[in-house]
Each structure stands twice: as C-alpha cells, then as structure tokens.
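Please read the structure below before turning to the comments.
The values are calculated or read from the model by the stated rules, or taken from the named source; none is laboratory data. Because the structure is a prediction, the values reported are computed rather than measured. In this analysis, Cβ positions are derived from the backbone assuming ideal geometry, glycine residues included, and neighbour counts consider all displayed protein chains. Just so you know, the surface numbers come from the protein's heavy atoms only, side chains and all, with ligands and any DNA or RNA stripped out. Shrake-Rupley method; radii C 1.70, N 1.55, O 1.52, S 1.80 Å.
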Amino acid sequence: MAKEAIREISFITRNGRRIPKVPAELNWADTFGRWKARWAIGRMKYAVEPGIYAVGNPDADSGVYVSANYKMSFDCLRSSLAGRDGWILVLDTKGINVWCAAGKGTFGTQELARRIEETGLSEFVRHRTLVVPQLGAPGVSAHQLKAQSGFSVVYGPVRAQDLPAFLDAGMRATEQMRRVHFPIEDRIVLIPVELVSWGKYVAPVAAVFFFLAGLNPKGYSGALAISAGTQNVLLLLAGFLAAAVFGPVLLPWLPGRSFSVKGLWIGMAMLVLGGLLLGRRIDVLGDSFSVAAWVLMVPALTSFVALNFTGASTYTSLSGVKREVRIAVPIQLACAALGIALWLVGLFV
Amino acid sequence: MARLEYLKNVVTLNLDADKCIGCERCAEVCPHGVFTVEDRNARIIDRDLCMECGACQNNCPVEAISVGKGAGCAQAVITGALRGTEPTCDCSNNCCG
C-alpha cells in the first residue's frame, strides 16, 4: 500500500536506531488530507508507515502511545501530544482506524507484540508501560500482551483529544473519557462518505430510470425521457439524499430503535411532503402506476440506506443487525421489486 | 438529546459472576458502561447497551465473560449473506472512517 509521506520529518538516534521524529502540529497538507479522506478520496490508502516515531524530545522514561497506521488516527494522536515528549508506536492496521482494526484483530495483541520486538522498544525505554487507546481493547488483550512481551497496558481515553487531561491526571480516565457517544457533529462528518459511497450505485440506477422513462406504447421518445425521466431521477435523488443526510442528522429523534424503521419514517415524511406539495397535481408524476411505484420505492430506499448506516454508527451490535437484516431487507427488496414492476407497467398503459 | 439505544434482548453478552475476581478491566474497556464492579464483583447494568465489540471478553483475565464478537454493520452482514460467508467487512464503504 502506498503510504502518505509526513512532511517536516527529521530523525533522532537511539541505541544506534534512526527514529523518525514528527511534529505535533498539523500542517495544511494534513488538514487537506483529512478533508479528502472525509470525502472518501483515497481514503483506503491514507496510511503511514508502521513503526516507532518520536514526538518532542523523548528519552528512556517518556511514555509510549500506540496507534493505528490510518493517518487520521496517527495525526489525532500526535496533535494531542503537543508540548510533550513521547514515543508513538504505529501498528500495521492496513490503513484502518483503531476501532475498526481492533474489531478485525489487525490492531491486536499479536501485531502489538511483534511491533514491540521489531522496533526494539525495550532497548530504548526503561519502563514497561504502553498507553493503548481504549477503542483498541476489542483487539488487544492486556494480560496476554503482558505475558508475551512484558509490557503492561494502560487504556487511554476513547478520544485522543482527552489525552492531555488523562496524562495530567496521572493516567486516570474520567467516566466521560471512557464512553463512546455519537453526537451530531460526529454524525455529520460521516455524511460525505455516505453520499460518495452510495452515489456510485445511485448514479447508474438514476441513469437507467432516465433512459427507460422514454419508453412508451408507441416506441421511444427522447423528449419523454427528458421530461418524465428528469422527474423520476429527481424523485430517486431526493429519496437518497434525504436518507443519507437526515438519517445521520436526525438519528436520535427518528422513532424506533431499528435503523430500517428510522429510515422508513424519512421515506414516509417525503411521501407526505410530496403529496402536500403536489396535491391534486399528483398526475405530473404520470399515471397512477408510477405514483404507486414511487410510494413503494421511496420508503424502501430510505429504509435501506438508513439500515446501512449501522456500520458507521457507534452502538449497534452484530446480533441486532443480523436480526434487522433478516426482517427488513426482504421487505425492502419486495417493495422495491413491486415498485419497479409497477413503474415499468406504467410506461405502457 | 434522546438516548441512542439499539434493539432490545438481542445481545449475546454473558458474565459468569462466580469466576469474577473484581479486576475492573471490563468496566474500564467497555465503551458503553455496560458493567459496574461492586464489592470486587462485576455486574451487568444494562445488557441492551452492549454492542458486542468484544473488548471485555478479550481483557478478562479469568475468562468470566463471553460474547459473540462482531461488527454491527448491515453491509458486512449483507455481503456475507451474498457470498455465503460470515459477515464480511471490507471497509471500502461507509464504516471505518
């Protein structure tokens, strides 16, 4: 995997090893890189080289902080160490963030033990303590690591931004630092990735609707594709955008625990809104077949998109998602299939 | 703000209180405050808050905790179902940002 170069890098030497030293301050390139990753541009290649890094002027007693090699994780950590001296031990998580990588096990006990060995960490630090982010705990087993490498794990706070307060308190986390929340700002930053990743599928589907809309009992009409096709594309995009934007934003307020139910409300709200806006002019959508088609397809779409936001959320369990997928996806598929069938019939009546 | 809680009565989390030595690791690593430790003994406060991340099980030195660890990601479940495998998260889509 191509790795991101870190600018302003210098080197220090410890025990004959040349160790890269990185600044704690992020520059414009780091900020731009973060923005790109949020828009899913080169996000799966946004990685730094695994290994040991120095921040400030660390010595044999300085703290060791473990991170993933997703550059956004690494940058969050080093910027929270501003004004301190420390070592950053970067694991090879294939460019994935700490929490997701811990879930897969790439941020894990084996990789951590291997990386301690490979970097010769025990030769240039006197103590035997590692600060591991709490969200690394699904992959790291503190007692097993101790047995394997002799290093003890102190679980740091969930968010790197709480690290200074954690360190100032003598490596003690408050209850608040230990909890994962999903506040509105955290949900909003995920919207661009939702839009881009789903856009890949929605755009071709929209194109198909556009071109098929030109079909009519007399053959094919380009003018019809442009008039009716555009309307259909707008309906599809409105449904998709509503789910991808309002799903994350309104998550706590949409009724129900299930994500597909939350998404269903968005679709229902759109139908009500559409009905109010169009009123008796609902025939601009075409015949009653296409009206019925969209009444089925819009909620199916918004429900499905919302269901898929489970993966980006911070609190859904696999058992819960399995149950939800088993119940909701067949219904969503049936509604979508019936809707498409009605829509196609509508072209020829 | 309304609390974010997922489906009721689905999680696979189990705690064998007889094995517990009261080390408090589970309460420390749980991101949702599922555990409390009183009188050197862990207790589950609210099982429905568990997201099955597996941190507690992984860090319990006496194997008192069991949970079917996995990512609560619909795309992974659907991809796994389509391929006939376990839930497969390739993280090229929505999650893992």
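In segment A:1-88, counting only strands (runs of 3 or more DSSP E) that sit wholly within it, the ones holding 3 or more residues that are more than 14 Å from chain B (Cβ to nearest Cβ) and free of Cβ contacts under 8 Å to residues at least 24 places away in the same chain span A:10-14.
Among residues of segment B:58-79 that are farther than 13 Å from residue A:103 by Cα, those with a beta-carbon under 8 Å from a residue that is basic (Lys, Arg) and at pLDDT 95 or above at least six positions away or on a different chain give the pairs B:59/B:25; B:60/B:25; B:61/B:25; B:62/B:19; B:63/B:19; B:64/B:19; B:77/A:322. Looking across segment B:4-22, the residues that are touching a helix residue (DSSP H, G or I) at 6+ places or on another chain (Cβ under 9 Å) and within 10 Å of chain A (Cβ to nearest Cβ) come down to B:5, B:6, B:7, B:8, B:9, B:10, B:11, B:12, B:13.
Of everything in segment A:315-336 that's of a type in the set (Val, Ile, Thr) and more than 15 Å from residue B:12 (Cα to Cα), which residue is nearest to the other protein chains (Cβ to nearest Cβ)? Per the stated criteria, the residue is A:325.
The residues on offer are B:72, B:54, B:68, B:80, and the sole one that is within 7 Å of chain A (Cβ to nearest Cβ) and surrounded by fewer than 20 Cβ atoms within 10 Å (Cβ to Cβ) is B:68. Summed over segment A:148-192, the residues that are in a helix (DSSP H, G or I), within 11 Å of chain B (Cβ to nearest Cβ) and farther than 28 Å from residue A:38 by Cα give a count of 1. Screening the candidates A:119, A:129, A:109 for the property of being open to solvent by 40 Å² or more (accessible area, probe 1.4 Å) and among the β-branched types (Val, Ile, Thr) yields one hit, A:129. Kindly establish whether residue A:241 is assigned by TED's automatic domain parsing to the domain that holds residue A:330, open to solvent by 40 Å² or more (accessible area, probe 1.4 Å), under 23 Å from the mean Cα position of the chain (by Cα) and modelled with pLDDT of 90 or more. In short, yes. Inside segment B:1-49, residues that are open to solvent by less than 30 Å² (accessible area, probe 1.4 Å), of a type in the set (Gly, Ala, Ser) and either under 22 Å from residue A:321 (Cβ atoms) or at pLDDT below 95 (or both) make up a count of 1.
On inspection, residue A:301 fails the criterion of being more than 20 Å from residue B:79 (Cα to Cα) and away from chain B (no Cβ under 14 Å).
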